[in-house]
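Chemist: Below is a structure I'd like to ask you about.
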Amino acid sequence: MARCEVCGEREAAYVCRRCSRRVCPDCFEPYSWLCKLCYEPLHKRVEYGAFTPSATSMLPKVLFIAGLAMIFLGMIVMLMVPLLLEQAGIQGSGGFIVFIGPFPIAFGAGPHGSHLIIAGVIIALAMLAFIWLYKPWTTR
Ligand SMILES: [Zn+2]
Ligand SMILES: [Zn+2]
């Protein structure tokens with residue numbers, strides 16, 4: 001009788017439909033009619049594929065990260081613009097921009113507040129344009 005070609009110990013009872021190895025019942029997967037050596041790599045690949053995030057499931061995460069990046073940039077603008085205006089000798093202005101997702105909400109105060117809002121909107125549009133052109137969710 002032929003010995004199992006996988007473990008080399010027990011008696012072969014089946015023939016793998018993929019590699020034609022003669023294998024014992026312990027080294028055989030009857031549901032797929034494959035030997036252990038053929039079945040396990042295939043099985044692992046299927047499991048790995050199930051846990052690999054697809055482009056669709058990545059999209060909300062990417063948008064969330066982009067939103068956080070915009071909030072961070074908005075905070076930088078909020079801190080930097082009044083300082084820059086102060087450096088330029090313009091006093092009494094303040095403003096800040098809040099991003100909820102891709103939507104900027106700008107607040108301005110003082111005689112130059114509207115300028116801060118315009119600067120914030122321009123930065124927001126530049127960010128949106130950059131994200132739209134770069135499309136981080138389509139890259140791998
Ligand atoms: Zn065996
Ligand atoms: Zn096989």
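Chemist: Across the range 1-32, which residue is surrounded by the fewest Cβ atoms within 10 Å (Cβ to Cβ) among those that are of a type in the set (V, I, T) and near ligand 1 (Cβ under 9 Å from one of its atoms)?
Modeler: The selected residue is V6.
Chemist: Another question about this same structure. How many of the residues making up the range 1-41 are touching an Asp or Glu at 6+ places or on another chain (Cβ under 9 Å), aliphatic (A, V, I, L, M) and part of a loop (DSSP other than H, G, I, E, B)?
Modeler: Adding up the residues that qualify gives 4.
Readers should treat all values here as calculations from the given coordinates under stated rules, not as data from a laboratory. Worth saying up front: this structure is predicted, and the values here are computed from it rather than measured. With ideal geometry, Cβ positions are generated from the backbone for all residues, glycine too; neighbour counts draw on all protein chains shown.
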